[in-house]
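First comes the structure, then the notes that go with it.
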Amino acid sequence: MPVSSARAAAFEILLRTETTGAYASELLHSSRVAKLSPADHGLLTELVMGVLRWRSLLDKRIAEHSVQPLAKFDLEVLTTLRLGAYQLLFLDRIPTHAAVNESVELVKQARKRSAAGMVNAVLRKIGTGTAPPADDFSAHPQWLVERWTKTFGVDVAKQICVYDQTHAKTTIRVNDPVVIEELQRDGVHTQPASLLAKAFVVDAGDITQTKAFRERRLIIQDEGSQLVALLVGNGNTILDCCAAPGGKTRIIAGQNPDSVVVAMELHPHRAALLRKLVLAGNVRVIAADARQMPLAHKFDRVLLDAPCSGTGTLARNPEIKWRLKAEDIPRLQSYQSEILAVAMDYVATNGRLVYSTCSLEPEENVEVIEHALAANSEFRLIDCRIELQRLRQDHELVIDDVESLLSGPYLRTIPGIHPTDGFFAAILEKN
Ligand SMILES: C[S@@+](CC[C@H](N)C(=O)[O-])C[C@H]1O[C@@H](n2cnc3c(N)ncnc32)[C@H](O)[C@@H]1O
């Protein structure tokens, strides 16, 4: 029995996600899988994201039916079992024999022929069971759940976990409403999103197959991320310190068409991606380390969208919850503080810096800001409420309850509470 192209590609992407630190969401849009039919690509996405979202629950079921402990399995064998178990437990439309037989074939093709009998036996046993009860905290590492319970309380922690287990919606930003009509004609249905006037949620259809997407007349970007870019406001010179892949750079450049926007990125391949994705004529891309900026002048506006744990994006990037360790958080905090200290040196008098992350962890957010303000008396904190009210007056922000987006003077979106990824932002102004 041949292995279907969707299952073979899912196996390969899951292995690469485990072994290389690559993100599944990026691999799912790589050229390697671009030739799959829309139906196969849909199944591939379902399999990869499903296995990553429910990994601990799948592992529990596999362990219940296997003599060998999971830690003893080769990664190829464990990945095959997870893929098979996900199909059996979560996907109604796939018959048991197809899920089992293809998994056996997959493990043989992965040169683990000796495990074929065991894969067959374990999956057959899982196939006769019922779907596992998905309680609210299932499929998240305990240490993260405990952290969020401490930070947000038990109810909010539950809502975050539930949201993380759902399919993250595709949200787009369009400057011209005509694009929405064009998408409708191309079979892509959208509805207005919750926070921003120019944001729309895709209900049906493949946005990446449309002319408007190919011609860059729309951006695929979470609403929380769009909102952070809008907080940057206007200036003649703007620096985006950690800019790739460039979602926020594009919005900033669009809001400031007559300004110079410098977009910096550490990794040359990501800087190259940024150049490809952001075509605005007023953007200059530099591949450099923001801790040693090769720049001679200061800027009216600086955005530091810092590298972070990404715990606010688990619905889109579920692999993060299995990779991240508690001890990574203090390490990230010192890296963020280091970049922020340098970025502050590049803010002009009366200029502003927006610091943001897509992390839910206070160490990466409020603590970084408090340390920076304690170390540099030239800056003061601006209440994000003022900027959100400005955006409301400008008809960019359409949500009535602006207060719900605030935590003290900070912007704070929480997945499950807001229909977005979890973003934090602070605005600092130089005296
Ligand atoms: C959160 S992402 C930025 C996302 C981007 N602002 C957007 O909206 O598309 C952080 C980026 O910072 C880059 N980065 C990490 N360390 C850096 C450093 N020391 N200097 C410059 N860029 C860095 C990472 O490679 C990553 O591309």
**OP:** Only one of these is more than 19 Å from the chain's Cα centre (by Cα) and either within 14 Å of the ligand (Cβ to nearest atom) or in contact (Cβ under 8 Å) with a residue 40 or more places away in the chain (or both): A193, A253, A212. Name it.
**Re:** A253
Original post:
Can you pull out the residues in segment 228-245 that are touching an Asp or Glu at 6+ places or on another chain (Cβ under 8 Å) and near the ligand (Cβ under 7 Å from one of its atoms)?
Top reply: D240, C241, C242, A243, A244
**OP:** Residue by residue through segment 4-33, note down the ones that are surrounded by fewer than 19 Cβ atoms within 10 Å (Cβ to Cβ), of a type outside the set (G, A, S) and farther than 20 Å from L314 by Cβ.
**Re:** E12, L15, T19, R32
**OP:** Name the one entry in V178, V201 that is surrounded by 13 or more Cβ atoms within 10 Å (Cβ to Cβ) and not acidic (D, E).
**Re:** V201
Original post:
If you take the residues of segment 274-307 that are near the ligand (Cβ under 9 Å from one of its atoms) and in a helix (DSSP H, G or I), which of them is farthest from I320 (Cα to Cα)?
Top reply: Q292
Original post:
Hey, among the residues in segment 204-230 that are out of contact with any Ser or Thr (no Cβ under 7 Å at 6 or more places or on another chain) and more than 18 Å from I251 (Cα to Cα), which one's surrounded by the fewest Cβ atoms within 10 Å (Cβ to Cβ)?
Top reply: A204
Subject >> Which listed residue, of D222, D164, is within 19 Å of the chain's Cα centre (by Cα), over 30 Å from F299 (Cβ atoms) and charged (D, E, K, R) >> reply: D164
Original post:
Quick one: is V119 touching a Phe, Trp or Tyr at 6+ places or on another chain (Cβ under 6 Å) and under 26 Å from A24 (Cα atoms)?
Top reply: no
Original post:
Identify, please: which residue in segment 311-359 is surrounded by 16 or more Cβ atoms within 10 Å (Cβ to Cβ), polar (S, T, N, Q) and part of a strand (DSSP E or B) and is, among those, nearest to the chain's Cα centre (by Cα)?
Top reply: T357
**OP:** Run down T19, T45, T96, T80 and say which single residue is free of Cβ contacts under 8 Å to residues at least 24 places away in the same chain, under 28 Å from A168 (Cα atoms) and among the polar types (S, T, N, Q).
**Re:** T45
Subject >> Residue pairs meeting the criteria (Cβ under 8 Å; at least 6 apart or on separate chains; first in the same structural domain as A244 (by TED's automatic domain parsing), in segment 289-314; second among the basic types (K, R) and more than 9 Å from the ligand (Cβ to nearest atom)) >> reply: D300/R352; R301/R352; V302/R352; T311/K321; L314/K321
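The values are calculated or read from the model by the stated rules, or taken from the named source; none is laboratory data. Because the structure is a prediction, the values reported are computed rather than measured. Cβ coordinates were reconstructed from backbone atoms using ideal geometry, including for glycine residues, and neighbour counts include every protein chain displayed.
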